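J.: Dropping a structure here in structure tokens format, bear with me for questions.
The values are calculated or read from the model by the stated rules, or taken from the named source; none is laboratory data. The shown structure was predicted, so the numbers you read here are calculated from the model rather than taken from an experiment. With ideal geometry, Cβ positions are generated from the backbone for all residues, glycine too; neighbour counts draw on all protein chains shown. What goes into the accessible areas is simple: the full protein's heavy atoms, side chains included, and nothing from ligands, DNA or RNA. Shrake-Rupley method; radii C 1.70, N 1.55, O 1.52, S 1.80 Å.
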Amino acid sequence: MQDIYEKILREGYGLKYYSGTRTRTGLICKTDQGLRELKKARTNKQKILFAHTIKRCLYRNGFSTLCLFHTAQDGNPFFVWDGTCYTLEDVMPGKALDTETAQDWQDGACLMGKMHIAAKGFAITEDLAQADQLPSLWNKRITELIKIKKRIEKQGKYSSLDLVVLQYFAPFYEQAKRAITALQAEGYPAFYQAEQKNGVFCHNQLKGSNFYRHPDHSLWIGGFEHCSADTFLLDVVYYIKRLWRKTDGDQKLTAQVLATYEQEKPMTETEHRLLLPLTTYPEKFLQLVHENYNKRRVCVSPAMQQHLAQTAEEEMQIGKLEKFLQEYYR
């Protein structure tokens, strides 16, 4: 493997490799130009180019608590070796957050707000723009859930996974239908189109493992490889739902985090109203059902059943978050 790293750094980036240390995210390489982190890309070239464009926009607008991609000698923010895509960045300062304190949650919300403000005017070119797939995807998942339930009931003999689906079908079906109705009523398609024209993106991975605490106590952010041309609002939704799950529905901290975010980037009344359906929809549960019932499997493992059951319990708690948000934005 060392020979491969040497060739990638030499032929791809014109660097001399001395030694390397494996990390959770890649390989920290000691080179003739200092330390660099070499990563095997977990996504495709188009998404790396998208992330590269976003990073440069943010950095240009004063958001500097991130690490830019180094461009390879061919001008791309990646290098392809033997069919595999690699990226190279400076080493992220500090350590990733293993656990998140109340202050970490608030600092993360502050950083998210600053990042979204710095992305203002981000030009989404025609090849990067994407159609609004949310309402159609949600409807597709509900239709799929109904079909899976009918298929299970026809069998007569239920697996442990089937029992979890049957147990939670009614509440999640109603929850999903209510969310879709509200999403359309609040004009999400028009909102999405307007956001695309203004230039936005969604990081999609604002969580502890992508937050790094610098020695000077500032917070840095990584994980841009998974971002998409979606709305800022989805970042807020994912962040709040994760906070609610991780803190057992801490209302005080949730209110503080929302207030901290809005100190940096105030939300409109439309965004406040859209938070409700976007938060209410049981996305994680329906996604797991989709994955478990649309791939060939010989048997149902206890881990699969436990994961789905745990996710269902977590999603049930989101109903309390919906009530909290209704009161908070009243």
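J.: Please pick out the residue among Arg56, Arg36 that is touching a helix residue (DSSP H, G or I) at 6+ places or on another chain (Cβ under 8 Å) and open to solvent by 30 Å² or more (accessible area, probe 1.4 Å).
T.: Arg36
J.: Can you name every residue in the stretch 232-249 that is of a type in the set (Val, Ile, Thr) and either open to solvent by 30 Å² or more (accessible area, probe 1.4 Å) or touching a Pro at 6+ places or on another chain (Cβ under 9 Å) (or both)?
T.: Initially, the stretch 232-249 is screened for residues of a type in the set (Val, Ile, Thr), giving 236-237, 240, 247.
Scanning the stretch 232-249 gives a single hit, Thr247.
J.: Could you grab me the full set of residues in the stretch 176-195 that are of a type outside the set (A, V, I, L, M, F, W, C) and assigned to a helix (DSSP H, G or I)?
T.: Of everything in the stretch 176-195, those that are of a type outside the set (A, V, I, L, M, F, W, C) and assigned to a helix (DSSP H, G or I) turn out to be Lys177, Arg178, Thr181, Gln184, Tyr188, Pro189, Tyr192, Gln193, Glu195.
J.: Among the candidates Ala229, Ala185, which residue alone is hydrophobic (A, V, I, L, M, F, W, C), open to solvent by 20 Å² or more (accessible area, probe 1.4 Å) and in contact with a helix residue (DSSP H, G or I) (Cβ under 9 Å, 6 or more places away or on another chain)?
T.: Exactly one residue qualifies, and that residue is Ala185.
J.: Then there's this: So in the stretch 298-324, with the set limited to residues that are part of a helix (DSSP H, G or I) and polar (S, T, N, Q), which one is nearest to Leu183 (Cα to Cα)?
T.: Gln317
J.: Can you tell which of Tyr158, Tyr168, Tyr173 is more than 30 Å from Gln33 (Cβ to Cβ) and not in a helix (DSSP H, G or I)? Walk me through how you get there before you give the answer.
T.: Values: Tyr168 fails: not in a helix (DSSP H, G or I); Tyr173 fails: not in a helix (DSSP H, G or I).
Among Tyr158, Tyr168, Tyr173, only Tyr158 is more than 30 Å from Gln33 (Cβ to Cβ) and not in a helix (DSSP H, G or I).
J.: Of a type in the set (D, E, K, R), part of a helix (DSSP H, G or I) and exposed (fewer than 13 other Cβ atoms within 10 Å of the Cβ): which single residue out of Lys252, Lys295, Lys284 fits that description? Quick ask: steps written out before the conclusion?
T.: Working: Lys295 fails: part of a helix (DSSP H, G or I); Lys284 fails: exposed (fewer than 13 other Cβ atoms within 10 Å of the Cβ).
Checking each option against the conditions leaves just Lys252.
J.: Here's a follow-up. Of all residues in the stretch 300-315 being in contact (Cβ under 8 Å) with a residue 24 or more places away in the chain and over 21 Å from the mean Cα position of the chain (by Cα), which is most open to solvent (accessible area, probe 1.4 Å)?
T.: Pro302
J.: Counting only residues that are under 20 Å from the mean Cα position of the chain (by Cα), part of a loop (DSSP other than H, G, I, E, B) and in contact (Cβ under 8 Å) with a residue 40 or more places away in the chain, which one in the stretch 35-81 is nearest to Glu11 (Cα to Cα)?
T.: It comes out as Ala41.
J.: Of all residues in the stretch 214-240, which are of a type in the set (D, E, K, R) and at pLDDT 95 or above?
T.: Asp235
J.: Being surrounded by fewer than 20 Cβ atoms within 10 Å (Cβ to Cβ), under 27 Å from Arg178 (Cα atoms) and touching a residue at least 60 places away in the same chain (Cβ under 8 Å): is that true of Glu269 here?
T.: Values: surrounded by fewer than 20 Cβ atoms within 10 Å (Cβ to Cβ): yes; under 27 Å from Arg178 (Cα atoms): yes; touching a residue at least 60 places away in the same chain (Cβ under 8 Å): no.
So Glu269 does not fit the description; no.
J.: OK, next. From the list Ala118, Ala123, Ala102, which one is within 17 Å of Leu233 (Cβ to Cβ), out of contact with any Pro (no Cβ under 6 Å at 6 or more places or on another chain) and not aromatic (Phe, Trp, Tyr)?
T.: Ala118
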